[in-house]
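Structure, as structure tokens:
Read the figures in this text as sums done on the coordinates, not as results from a lab. Because the structure is predicted, anything quoted here is derived from the model rather than measured. Cβ sites come from the backbone with ideal geometry, for glycine too, and all protein chains shown count toward neighbours.
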Amino acid sequence: MKGTFLGEFEEVVLLSTCVLNENAYANLVKDEVEKHTERNINLSAIHSSLYRLEKKGFLSSELGEASKKRGGKRKRLFKPTPYGLQAVQQIKEIREALWNNMPQTLFQNS
């Protein structure tokens, strides 16, 4: 699959939307990324990445229902497209193959 290579941050954002499934909106994606990377992330970086991934065809989005808690404002919910799911599968396979081929002696002196 050509063209599915993503930067580390985009990859983590895409994976986080997969983890959150139908509930992936910017604030929850931010929380998920921060939890797994142990880094503080700017919400605008999450928004930029989500929209970039959507533009590239890895994600789709739609507006959720309005809520009183949000002052009637609707959340934009993101979900991976079939292309996005293929991409995360390919990423997993590439990383596993690399890890499986790494010499174990590399870690003996660590």
Using beta carbons and a limit of 9 Å, which pairs, at least six apart or on different chains, have the first residue in the range 41-64 and at positive phi and the second one surrounded by 14 or more Cβ atoms within 10 Å (Cβ to Cβ)? GLY57/THR81; GLY57/TYR83; GLY57/GLY84
I need the full set of residues from the range 10-32 which are in contact with a Lys or Arg (Cβ under 8 Å, 6 or more places away or on another chain) and either acidic (Asp, Glu) or over 13 Å from PRO80 (Cβ atoms) (or both), in order please. GLU10, GLU22, TYR25, ALA26
